[in-house]
1. Assess whether B:Asp368 counts as being away from chain A (no Cβ under 13 Å), buried (at least 24 other Cβ atoms within 10 Å of the Cβ) and acidic (Asp, Glu).
2. Out of B:Ala71, B:Ala119, B:Ala128, I need the residue that is in contact with a His (Cβ under 9 Å, 6 or more places away or on another chain) and under 21 Å from B:Thr2 (Cα atoms). Which one?
3. Being assigned to a loop (DSSP other than H, G, I, E, B), under 30 Å from B:Ala125 (Cα atoms), in the same structural domain as B:Gln362 (by TED's automatic domain parsing) and among the β-branched types (Val, Ile, Thr) is the requirement here; does B:Val328 meet it?
4. Can you find a residue in region B:288-297 that is within 27 Å of B:Arg91 (Cα to Cα), in contact with a helix residue (DSSP H, G or I) (Cβ under 6 Å, 6 or more places away or on another chain) and either within 14 Å of another protein chain (Cβ to nearest Cβ) or not acidic (Asp, Glu) (or both)?
5. Find the residue count for region A:5-32, including only residues that are acidic (Asp, Glu) and either free of Cβ contacts under 8 Å to residues at least 40 places away in the same chain or closer than 17 Å to A:Ala421 by Cβ (or both).
6. Mind counting the residues in region A:331-353 that are part of a loop (DSSP other than H, G, I, E, B) and within 10 Å of the chain's Cα centre (by Cα)?
7. Go through A:Ala226, A:Ala203 for me and flag whichever is hydrophobic (A, V, I, L, M, F, W, C) and either touching a Ser or Thr at 6+ places or on another chain (Cβ under 9 Å) or not assigned by TED's automatic domain parsing to the domain that holds A:His398 (or both).
Number of protein chains: 2
Amino acid sequence: MTTIVGFRTTDVRFATSTLLDGSDAMNPDPDYSAAYLIITTDAADGHEGHGFVFTIGRGNEIETTAIDALAPWFLGRNVESMLDDMGGLWRELVYDSQFRWLGPEKGIMHMAIGAAINAMWDLKAKRAGLPLWKLLSSLSPEAIVALVDFRYLQDAITPAEALSILRSALPLRAEREASLLADGYPAYTTTPGWLGYSDEKLARLSEEAVRDGFRQVKVKVGANRADDLRRLGIVRSVVGPDIAVAIDANQAWGRDEAIERIRELQQFDLAWVEEPTHPDDILAHAAISAAIAPTPIAAGEHAANRVLFKQFLQADALQVLQIDATRVAGVNENIAILLLAARFGVPVCPHAGGVGLCEIVQHLAMFDTIAVSATTQGRVMEFVDHLHEHFVEPAEVHDGRYWPPILPGSGAEMLSESVAANAHVHALR
Amino acid sequence: MTTIVGFRTTDVRFATSTLLDGSDAMNPDPDYSAAYLIITTDAADGHEGHGFVFTIGRGNEIETTAIDALAPWFLGRNVESMLDDMGGLWRELVYDSQFRWLGPEKGIMHMAIGAAINAMWDLKAKRAGLPLWKLLSSLSPEAIVALVDFRYLQDAITPAEALSILRSALPLRAEREASLLADGYPAYTTTPGWLGYSDEKLARLSEEAVRDGFRQVKVKVGANRADDLRRLGIVRSVVGPDIAVAIDANQAWGRDEAIERIRELQQFDLAWVEEPTHPDDILAHAAISAAIAPTPIAAGEHAANRVLFKQFLQADALQVLQIDATRVAGVNENIAILLLAARFGVPVCPHAGGVGLCEIVQHLAMFDTIAVSATTQGRVMEFVDHLHEHFVEPAEVHDGRYWPPILPGSGAEMLSESVAANAHVHALR
């Protein structure tokens, strides 16, 4: 019998804004940060559970405080019984009425719960000696359904329907896993297209991306109209007609402005348009979607919870669903979202980048391709070449593909030297 | 020229859970709390700006930390230039990209910004020597429109349309104000109907409510089906056929369950059904609304921002719009929401209760009735008789009506003894 004896947070920040890495129409100067959690136990195995929330700088201390507030839910509790009922743990935390008031089920508190849930999944995978994608892909359909709370989802997917999706994939799992190990998972890169980069750097990095084997690049748009046209012209001429080019407006526009601006950019043959407007605006996304068809809309990195994803799917407001590893309440809620996507036949193309998002989200995408959607058709996972060196097992991307991680755990574990070297001390006033 | 010299927060908590005051289907044991902010200046007038976020206990320290993070935006700045451009201040805070990542525009960070914005309105009203409702009702239509950010609203209301609504009300302002001073603003009470109260207490308090002049009471439902039927039967028999009876499920149901349960309760002649399901679920509210018509749906106390309210109105997903004083980013965002409600012809019936919510939200309702909707038709403001004694100017409710506050400010100022006596010291681990 094992007990949780440590629940320790660190406010970790990297000064990325100095190079304009990660700059876009809404986020001109992000400092990639992590509100970082380590859960320790009294077991002799020495396994720790690591999890974090990705933020872009200021306010990372608030996110860290929010994770701290969960410590009484963990310290002193029995590890085995918690890990045996991860669905119950999720409900216990998400439906705690006093914490729920702070969202409900959105923003700082919901993400903090996600970090704690994810740290427990990291611990569970390490104790099983498996990478998380493999652990999840080994669960029975019944065990997977038990991880999901269907209270607000039944008008879109029932537990029985979820079971039937997972059972259909069951006979394909071995073949899907073999194909993943042999061929990897398709990646695209956002590295060339940050808004703060010069035209020369944009052209050079786009060329490099194609040479590195990527079949899709993404370009940030949404600030200056003339810049968008010029930059997309450069990218399209450098990569040629066979490489997919997606654009990302990072919520810069209102509904009608989005339609007007996107129509002007459709001449560049767009793979998708990402976040054209406010991430809560399901009805505006649906209207934009109808107006720019057949160009798909991609969204989800800022969708606060499964209820928003459900509506985006019900309203045909997105055609490419982008899960994020740390925006919602962890692995369980992302499984709910993967099931919803499968139910509606919409491809999942994870959001990544930031710090550590590639390392974690790849596990969910690989689980999806083995045990849920059972395909990589129409799927492509974001890759940005930043800050991977800080992780125990950096995402392995070459030949334009992600390659399955091997080490036990969820991918969240940062090198202890990196955590220590980038720990941010918040001045008390 | 005045400078901000203090930005001080306190984690204030009241142990309300011991009496089951405020208990409902999702919130069994709230401890009403306030993440409380006082802004001070170097002016000789001694005026302070007070604002807070209402929470229900655990996590109030996170909300307080979030308000603290805003201090660098205030300390040392010129008061007059900030107060002269409250629209600019709102945009500066809400669109700060690093803070915005933590929502975006929802949850702990967004509410923290609301507390700071509201504290500045409190200061502005005190410096003007006016209660906030009177200050707002004295602004020109142009000045009011300048407070609102229309980036994501133009598909529902343009600045020109907002101006036209406000200009139509302009000639009626004097008459509307006189009628408010003479007749007050209609109130309803939730005091009888908390879920944790016995049948005897429910009956007794319902009777008292009618005797006190209330024309509407509200009953909590959504936990046990048989309890709901029995309790509504008691209330309807006690208050008779002429008193309006509303119910509040506090998000307990999924879409189809909501429809089934509400249909069963419609025999009691319901004034409205509040929060039947998840507050982000616009499409489910629209479906429930269509299924239970003509019974109206009331919602909004947990709607995180103006973009959600916009969609609720566009989808006819609510027929009674409930603003909340501390859920969104302050007075400015609530003005945006009042304008949206007026544009769609939907009555605003504010959410109140908690601690201090009645004291603040009445200013917004009274501004609405004087300068925006220019009516009290179909309007009724929530009243719960808790914790008013802690405020400098407790809400004045008698004869079933709110009576306009007189003291300068926004109503947010708590007695300094109450702040000190209920300050919660959070143990550092």
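1. Numbers: away from chain A (no Cβ under 13 Å): yes; buried (at least 24 other Cβ atoms within 10 Å of the Cβ): yes; acidic (Asp, Glu): yes.
Judged against the criteria, B:Asp368 is a match.
2. Values: B:Ala71 fails: in contact with a His (Cβ under 9 Å, 6 or more places away or on another chain); B:Ala128 fails: in contact with a His (Cβ under 9 Å, 6 or more places away or on another chain).
Residue meeting the stated conditions: B:Ala119.
3. Details: assigned to a loop (DSSP other than H, G, I, E, B): yes; under 30 Å from B:Ala125 (Cα atoms): yes; in the same structural domain as B:Gln362 (by TED's automatic domain parsing): yes; among the β-branched types (Val, Ile, Thr): yes.
Spelling it out, B:Val328 is indeed assigned to a loop (DSSP other than H, G, I, E, B), under 30 Å from B:Ala125 (Cα atoms), in the same structural domain as B:Gln362 (by TED's automatic domain parsing) and among the β-branched types (Val, Ile, Thr).
4. Within region B:288-297, the subset within 27 Å of B:Arg91 (Cα to Cα) is none.
No, because not a single residue in region B:288-297 is within 27 Å of B:Arg91 (Cα to Cα), in contact with a helix residue (DSSP H, G or I) (Cβ under 6 Å, 6 or more places away or on another chain) and either within 14 Å of another protein chain (Cβ to nearest Cβ) or not acidic (Asp, Glu) (or both).
5. Here is the first cut: in region A:5-32, the ones acidic (Asp, Glu) are A:11, A:21, A:24, A:29, A:31.
Retained after the next criterion (residues that are either free of Cβ contacts under 8 Å to residues at least 40 places away in the same chain or closer than 17 Å to A:Ala421 by Cβ (or both)): A:11, A:29, A:31.
Qualifying residue count, region A:5-32: 3.
6. Taking region A:331-353 first, the residues part of a loop (DSSP other than H, G, I, E, B) are A:345-347, A:349-353.
Filter once more, keeping what is within 10 Å of the chain's Cα centre (by Cα): A:349-353.
Final tally of qualifying residues: 5.
7. Working: A:Ala226 fails: either touching a Ser or Thr at 6+ places or on another chain (Cβ under 9 Å) or not assigned by TED's automatic domain parsing to the domain that holds A:His398 (or both).
Of the residues listed, the single one that is hydrophobic (A, V, I, L, M, F, W, C) and either touching a Ser or Thr at 6+ places or on another chain (Cβ under 9 Å) or not assigned by TED's automatic domain parsing to the domain that holds A:His398 (or both) is A:Ala203.
Residue by residue, here is whether (1) within 14 Å of chain A (Cβ to nearest Cβ); (2) touching a Leu at 6+ places or on another chain (Cβ under 8 Å); (3) among the basic types (Lys, Arg) holds:
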{"residue": "B:Pro159", "(1), (2), (3)": "yes, no, no"}
{"residue": "B:Ile165", "(1), (2), (3)": "no, yes, no"}
{"residue": "B:Glu177", "(1), (2), (3)": "no, no, no"}
{"residue": "B:Pro186", "(1), (2), (3)": "no, no, no"}
{"residue": "B:Gly196", "(1), (2), (3)": "yes, yes, no"}
{"residue": "B:Phe214", "(1), (2), (3)": "no, no, no"}
{"residue": "B:Val219", "(1), (2), (3)": "no, yes, no"}
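The values are calculated or read from the model by the stated rules, or taken from the named source; none is laboratory data. Everything numeric here is computed off the predicted structure, so don't read it as measured data. Don't worry about glycine lacking a Cβ; one is built from the backbone with ideal geometry, like all the others, and counts go over all protein chains shown.
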